[in-house]
Structures are given as C-alpha cells and as structure tokens.
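The values are calculated or read from the model by the stated rules, or taken from the named source; none is laboratory data. Here the structure is a predicted model, which is why all the values come from computation and not from measurement. Heads up, the Cβs are rebuilt from the backbone with ideal geometry, glycines too, and the neighbour counts pull from every protein chain shown.
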Amino acid sequence: MTTYEFMRWLTFPLMTAHLVTVRNDIKLLIKSSKASLKEVSILDVGGRKSPYTINLPAKITLLDVPQESGTKEALNLGFTETILTSIQKKRSNIKDVII
C-alpha cells in the first residue's frame, strides 16, 4: 500500500453512501470471483480519480480520454503525461492505462 492509498483509505469512512456502496459491491464481486485474487482484472472507466478501486486486490486498468485544450483542460478532465506518471506512482494496483 502506498502512502497515497493509505491516506485515501483513511477517508473511506467519510465517503458518501453511494461511493461506499459501489466500493463494497466491487469488493464482494472480487471475493466471489472464481479466479484467484491475482487474476482478477477490473476496467475502471474514467477512473483516474476514482476512489472505487484504490488498494483492491485486483489488476486495475484505467480508461479515460486524453486531456485536450478547452473544456477538458479547464475542468481537469482526462489524462495528460503528468497525470499518468502521478497515478502510476500513487497506485500499487494499476496494471494498464488505456487512452
């Protein structure tokens, strides 16, 4: 577990009910999977800031759009090289990133 994952883990009790519900549902799906935990793969769409898959025992693939100038840049949406580098340092379970 990275420092970032630990700090996010500390905030989980403060998350809204729907975020907790989704994260718990994902954990149940992983637990009930017939594959071993090291073989479970999850596609996290739009997941660059997703709290759902942080520190889960699975291989996570993040899918998002490239950040372009204009609205996406103004709203800080999508991936940039800087964001990709940062995510890969912070998260221990990221297997792949699809842009």
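Residue under question is GLU68, and the condition is that it be farther than 25 Å from MET7 by Cβ and either among the acidic types (Asp, Glu) or at pLDDT below 90 (or both); does it hold? Here the answer is yes, as GLU68 does meet what is asked.
Taken over segment 65-99, the criterion of being closer than 20 Å to THR53 by Cα and among the aliphatic types (A, V, I, L, M) is satisfied by VAL65, LEU77, ILE83, LEU84, ILE87, ILE94, VAL97, ILE98, ILE99.
Given the criterion touching a strand residue (DSSP E or B) at 6+ places or on another chain (Cβ under 8 Å), in a helix (DSSP H, G or I), surrounded by 14 or more Cβ atoms within 10 Å (Cβ to Cβ) and of a type in the set (A, V, I, L, M, F, W, C), identify the matching residue among LEU84, LEU62, LEU19.
Of LEU84, LEU62, LEU19, the one residue that is touching a strand residue (DSSP E or B) at 6+ places or on another chain (Cβ under 8 Å), in a helix (DSSP H, G or I), surrounded by 14 or more Cβ atoms within 10 Å (Cβ to Cβ) and of a type in the set (A, V, I, L, M, F, W, C) is LEU84.
Residues in segment 87-99 that are touching a Phe, Trp or Tyr at 6+ places or on another chain (Cβ under 6 Å) and assigned to a loop (DSSP other than H, G, I, E, B): ILE99 only.
Name the single residue that is farthest from ASN55 (Cα to Cα) among those in segment 25-40 being surrounded by 12 or more Cβ atoms within 10 Å (Cβ to Cβ) and at pLDDT 85 or above. Checked segment 25-40; the qualifying residue farthest from ASN55 (Cα to Cα) is LEU29. Within segment 65-77, restricting attention to residues that are touching a strand residue (DSSP E or B) at 6+ places or on another chain (Cβ under 9 Å) and not in a strand (DSSP E or B), the residue that is surrounded by the most Cβ atoms within 10 Å (Cβ to Cβ) is GLN67.
Filter segment 28-54 for residues that are of a type in the set (D, E, K, R) and under 13 Å from the mean Cα position of the chain (by Cα); which is farthest from PHE79 (Cα to Cα)?
So the residue we want is ASP44.
In segment 41-54, of all residues being surrounded by 16 or more Cβ atoms within 10 Å (Cβ to Cβ) and assigned to a helix (DSSP H, G or I), the one that is modelled with the lowest pLDDT corresponds to ARG48. The set of residues in segment 54-77 being without any contact (Cβ under 8 Å) to a residue 24 or more places away in the chain and small (Gly, Ala, Ser) consists of SER69, GLY70, ALA74. The residue pairs whose first member lies in segment 1-13 and is under 18 Å from SER86 (Cβ atoms), whose second member is in a helix (DSSP H, G or I), and whose beta carbons are closer than 6 Å, counting only pairs six or more residues apart or on different chains, are THR2/LYS90; TYR4/LYS90.
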